[in-house]
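Reading through the structure tokens given below for one structure.
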Amino acid sequence: MNHDKISIACPDDWHLHLRDGAALATTVPHSARCFRRAIVMPNLKPPVTSVAAAGEYRQRIVRAIPPGGSFEPLMTLYLTDSLPIAEIERAVREPWLAGVKYYPAGATTNSESGVTAIEKVFPVLERMQELDLPLLLHGEVNDAEVDIFDREAVFIDRILQPLCERFPRLRMVLEHITTRQAAQFVSEADARIAATITVHHLLFHRGDMLAGGIRPHLYCLPILKRDVHREALRTAATSGNPRFFLGTDSAPHPVNEKESACGCAGIYTAPAALELYAEVFEEEQALDRLEAFAAFHGADFYGRERNGARIELVRESWTAPARYEFGGDEVIPIRAGENIRWKLAGNGP
Ligand code: NCD
Ligand code: ZN
């Protein structure tokens, strides 16, 4: 393979926050420039808790796709303590509805309506298992007694392991994994368990966020961990194991809500995500595995066709903009004002 240029099947983003309203004019083109499909998170205000609301949100996203662009939003339902089972039955009838998202109540941005105790949703999970609708997990406990850096590992022991036993056929994706424990759990689990890995958790560790000054634009949830965890994620992402796939968790917030005494969690990575994954895979001498991680594994797990169209990345340095317009506000992207080593050839597909 010529390593100044790589050609891969068009990738998909299996975990994405697009927000709503005027913000879509920024977020949708940034994702659509290289991703063919994306699983869109439902943590709007109010959350997307019905198939009807997901369908309307989907239409607003579709209207924001640039002319001639090809981008398929796959929607999710937000799991609450009281999501009716009938909604699951409606969900499986829609080919554009990909799964149900579990947030522990209060764990992250707009998760106030999330699940307060996992037992409350057992009947819904039962039906999802019967109908083979995947469960997408924000894998952290929201427990004041558990240190924020331990919340993912504790979730695996307290919630995920028991869920795997209770629902032996339920397909589950542990989203945006951040720890060695999560990588190990998924690689040892059976084939119905998978994980998404963000580019920021491959690039940064907690020292990058906290040493020499606090960098609010690197604050996200689950929070960046020690470097050993980043190393374990790099090993998992580049391993070729089909249970690990690309999910950016690109999560924009207006600049003043990030640069604040109580800043929001979320990093806006979509404008450069694929290019930065290429940087990581190159550093790991695994560029030949980028295509499977970005374009094959997720499609296979979700039982969708792999993309036929292709995309090219060239080794050509460019400078990420300092900020982007964002629904009447501004958003600061990952690597703002800094160099990025890989670039999409042309304008993408
Ligand atoms: C996400 C957001 O802002 O919606 N934030 C984040 O830090 N990742 C929510 C989430 O995925 O936890
Ligand atoms: Zn997310």
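The values are calculated or read from the model by the stated rules, or taken from the named source; none is laboratory data. Just so it is clear, the model here is predicted, and its values are computed rather than measured. Ideal geometry is used to build each Cβ from the backbone, glycine not excepted, and the neighbour counts take in all protein chains shown.
Conditions (1) among the basic types (Lys, Arg); (2) within 16 Å of ligand 2 (Cβ to nearest atom); (3) surrounded by 23 or more Cβ atoms within 10 Å (Cβ to Cβ); (4) under 25 Å from Glu175 (Cβ atoms), marked per residue:
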{"residue": "Ile267", "(1), (2), (3), (4)": "no, yes, yes, yes"}
{"residue": "Pro271", "(1), (2), (3), (4)": "no, no, yes, yes"}
{"residue": "Glu312", "(1), (2), (3), (4)": "no, no, no, no"}
{"residue": "Ser317", "(1), (2), (3), (4)": "no, no, no, no"}
Does Leu24 satisfy being over 26 Å from Glu330 (Cα atoms) and either surrounded by fewer than 23 Cβ atoms within 10 Å (Cβ to Cβ) or within 16 Å of ligand 2 (Cβ to nearest atom) (or both)? no
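Report yes if Arg58 is surrounded by 18 or more Cβ atoms within 10 Å (Cβ to Cβ), among the charged types (D, E, K, R) and assigned to a helix (DSSP H, G or I), otherwise no. Before the answer, list the steps.
Working: surrounded by 18 or more Cβ atoms within 10 Å (Cβ to Cβ): yes; among the charged types (D, E, K, R): yes; assigned to a helix (DSSP H, G or I): yes.
Yes; evaluated as a whole, the condition is true for this residue.
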Could you give every pair whose Cβ atoms fall below 6 Å, whose first residue belongs to segment 142-160 and is without any contact (Cβ under 8 Å) to a residue 12 or more places away in the chain and over 16 Å from Leu174 (Cα atoms), and whose second residue is surrounded by 14 or more Cβ atoms within 10 Å (Cβ to Cβ) and among the hydrophobic types (A, V, I, L, M, F, W, C), counting only separations of at least 6 or pairs across chains? Val146/Val154
Is it the case that some residue within segment 160-167 is of a type in the set (D, E, K, R), at pLDDT 95 or above and on the phi > 0 side of the Ramachandran plot? no
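The rows are residues; the columns are (1) under 17 Å from Val173 (Cα atoms); (2) modelled with pLDDT under 95.
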site	(1), (2)
Met75	yes, no
Leu79	yes, no
Ser82	no, no
Gly99	yes, no
Pro104	yes, no
Thr108	no, yes
Glu112	no, yes
Pro123	no, no
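Please pick out the residue among Lys5, Lys45 that is basic (Lys, Arg), surrounded by fewer than 22 Cβ atoms within 10 Å (Cβ to Cβ), more than 12 Å from Ala270 (Cα to Cα) and within 16 Å of ligand 2 (Cβ to nearest atom). Lay out the reasoning, then the answer.
Working: Lys5 fails: within 16 Å of ligand 2 (Cβ to nearest atom).
None of the others qualify; the one that does is Lys45.
Hey, could you check segment 205-261 for residues that are of a type in the set (Asp, Glu) and either closer than 30 Å to Asp288 by Cα or away from ligand 1 (no atom under 16 Å from the Cβ) (or both) and say which is surrounded by the most Cβ atoms within 10 Å (Cβ to Cβ)?
So the first thing to find is which residues in segment 205-261 are of a type in the set (Asp, Glu), and the list is 208, 227, 231, 249, 257, 259.
Those left that are additionally either closer than 30 Å to Asp288 by Cα or away from ligand 1 (no atom under 16 Å from the Cβ) (or both): 208, 227, 231, 249.
Numbers: Asp208: 15, Asp227: 13, Glu231: 15, Asp249: 27.
Ranking the candidates gives Asp249 first.
Name the one entry in Thr26, Thr109 that is within 13 Å of ligand 1 (Cβ to nearest atom) and among the β-branched types (Val, Ile, Thr). Give the steps one after another, and end with the answer.
Values: Thr26 fails: within 13 Å of ligand 1 (Cβ to nearest atom).
Residue meeting the stated conditions: Thr109.
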Identify all residues within segment 281-330 that are touching an Asp or Glu at 6+ places or on another chain (Cβ under 8 Å) and of a type in the set (Val, Ile, Thr); write none if there are none. Val314, Thr319
Kindly indicate whether any position in segment 181-202 is within 16 Å of ligand 2 (Cβ to nearest atom) and in a loop (DSSP other than H, G, I, E, B). yes
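Picking from Ala261, Ala295, which residue would you name as being among the aliphatic types (A, V, I, L, M) and within 22 Å of Glu175 (Cβ to Cβ)? Steps first, please.
Working: Ala261 fails: within 22 Å of Glu175 (Cβ to Cβ).
One residue alone meets the criteria, Ala295.
Within segment 106-124, can you find the residues that are part of a loop (DSSP other than H, G, I, E, B) and within 18 Å of Pro42 (Cβ to Cβ)?
To start, the set of residues in segment 106-124 that are part of a loop (DSSP other than H, G, I, E, B) comprises 106-114, 116-117.
Selection gives Gly106, Ala107, Thr108, Thr109, Asn110, Ser111, Glu112, Ser113, Gly114, Thr116.
Any idea which of Arg127, Arg151, Arg90, Arg158 is within 16 Å of ligand 2 (Cβ to nearest atom), among the charged types (D, E, K, R) and assigned to a helix (DSSP H, G or I)?
Numbers: Arg127 fails: within 16 Å of ligand 2 (Cβ to nearest atom); Arg90 fails: within 16 Å of ligand 2 (Cβ to nearest atom); Arg158 fails: within 16 Å of ligand 2 (Cβ to nearest atom).
When all the criteria are applied, what remains is Arg151.
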